[in-house]
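Beneath this line is the structure, given in structure tokens, with notes to follow.
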């Protein structure tokens, strides 16, 4: 393996898949487009990708019934939305990207609902996401991106996922679409994350 600034990605054997969970209410916005750019890097290495935009799913909030804890089956008791289906997709994938814009210093309400319900179900249901490769992607208008990044990474660490980072962190600054393209440091981080995630997936698959 050669070292040229970054580690060369090992050849990926077999089918690998990364699923991105996008909490933005804008279906075509900075966050969605940034996910697409990250996927471009992954697809160069033959990794299959899928983009899930949870805003359209109208997820019900967690009511702290603790049914998932009592049952321990890794599923939420609320079955009239797509939460369990999305968690199943994550459990079947090799890598997971959590993406959210910053709304008033935190992740979006849609993403917060997802983290609460999915987190409780997966933690109490045998850690279904354990050792999956995870990455966080955040878009901020001015500030708050670090808080959102920490929220997303905390979900991964609590689920004992293998978190992949970048230098700098993938926190892009933008307001109007496609303003994120003007953030040179953020775009560099996005490309770096794609390469590092590909390398980590390939290394773990050997």
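The values are calculated or read from the model by the stated rules, or taken from the named source; none is laboratory data. This structure is a prediction, so every number in the text was calculated from the model and none was measured. Virtual Cβ from ideal backbone geometry, glycine too; neighbours counted across all protein chains shown.
Would you confirm whether or not segment 69-88 contains a residue that is on the phi > 0 side of the Ramachandran plot, part of a loop (DSSP other than H, G, I, E, B), out of contact with any strand residue (DSSP E or B) (no Cβ under 8 Å at 6 or more places or on another chain) and surrounded by fewer than 16 Cβ atoms within 10 Å (Cβ to Cβ)? Taking every residue of segment 69-88 in turn, at least one turns out to be on the phi > 0 side of the Ramachandran plot, part of a loop (DSSP other than H, G, I, E, B), out of contact with any strand residue (DSSP E or B) (no Cβ under 8 Å at 6 or more places or on another chain) and surrounded by fewer than 16 Cβ atoms within 10 Å (Cβ to Cβ). Which one is surrounded by the fewest Cβ atoms within 10 Å (Cβ to Cβ), of the residues in segment 1-35 that are at pLDDT 95 or above and in a strand (DSSP E or B)? In this case the residue turns out to be 17.
Taken together, the criteria place residue 99 among residues that are in contact with a strand residue (DSSP E or B) (Cβ under 7 Å, 6 or more places away or on another chain), buried (at least 17 other Cβ atoms within 10 Å of the Cβ) and either outside any helix (DSSP H, G or I) or free of Cβ contacts under 8 Å to residues at least 60 places away in the same chain (or both).
When you look at residue 38, is it part of a helix (DSSP H, G or I) and in contact with a helix residue (DSSP H, G or I) (Cβ under 6 Å, 6 or more places away or on another chain), yes or no? Give the steps one after another, and end with the answer.
Working: part of a helix (DSSP H, G or I): yes; in contact with a helix residue (DSSP H, G or I) (Cβ under 6 Å, 6 or more places away or on another chain): yes.
Judged against the criteria, residue 38 is a match.
Restricting to segment 143-155, count the residues that are surrounded by 21 or more Cβ atoms within 10 Å (Cβ to Cβ) and in contact (Cβ under 8 Å) with a residue 40 or more places away in the chain. It would help to see each step written out before you state the result.
Applying the first criterion (surrounded by 21 or more Cβ atoms within 10 Å (Cβ to Cβ)) to segment 143-155 yields 145, 148-149, 152, 155.
Filter once more, keeping what is in contact (Cβ under 8 Å) with a residue 40 or more places away in the chain: 145, 148, 152, 155.
Summing the residues that are surrounded by 21 or more Cβ atoms within 10 Å (Cβ to Cβ) and in contact (Cβ under 8 Å) with a residue 40 or more places away in the chain in segment 143-155 gives 4.
Might you check whether a residue that is in contact with a helix residue (DSSP H, G or I) (Cβ under 7 Å, 6 or more places away or on another chain), surrounded by fewer than 21 Cβ atoms within 10 Å (Cβ to Cβ), modelled with pLDDT of 95 or more and assigned to a helix (DSSP H, G or I) occurs anywhere in segment 123-142? The answer is no, given that none of the residues of segment 123-142 is in contact with a helix residue (DSSP H, G or I) (Cβ under 7 Å, 6 or more places away or on another chain), surrounded by fewer than 21 Cβ atoms within 10 Å (Cβ to Cβ), modelled with pLDDT of 95 or more and assigned to a helix (DSSP H, G or I).
Residue count for segment 153-179 satisfying the condition of being in contact with a strand residue (DSSP E or B) (Cβ under 7 Å, 6 or more places away or on another chain) and under 12 Å from residue 31 (Cβ atoms): 4. Test residue 42 against the stated conditions and say whether it is touching a strand residue (DSSP E or B) at 6+ places or on another chain (Cβ under 8 Å) and modelled with pLDDT of 90 or more. Yes. For segment 164-183, the tally of residues that are loosely packed, with under 14 Cβ neighbours inside 10 Å and under 15 Å from residue 196 (Cβ atoms) stands at 2.
Based on this model, can you work out whether residue 177 counts as under 14 Å from residue 137 (Cα atoms), more than 15 Å from the chain's Cα centre (by Cα) and touching a residue at least 24 places away in the same chain (Cβ under 8 Å)? When the stated conditions are applied, residue 177 does not pass them.
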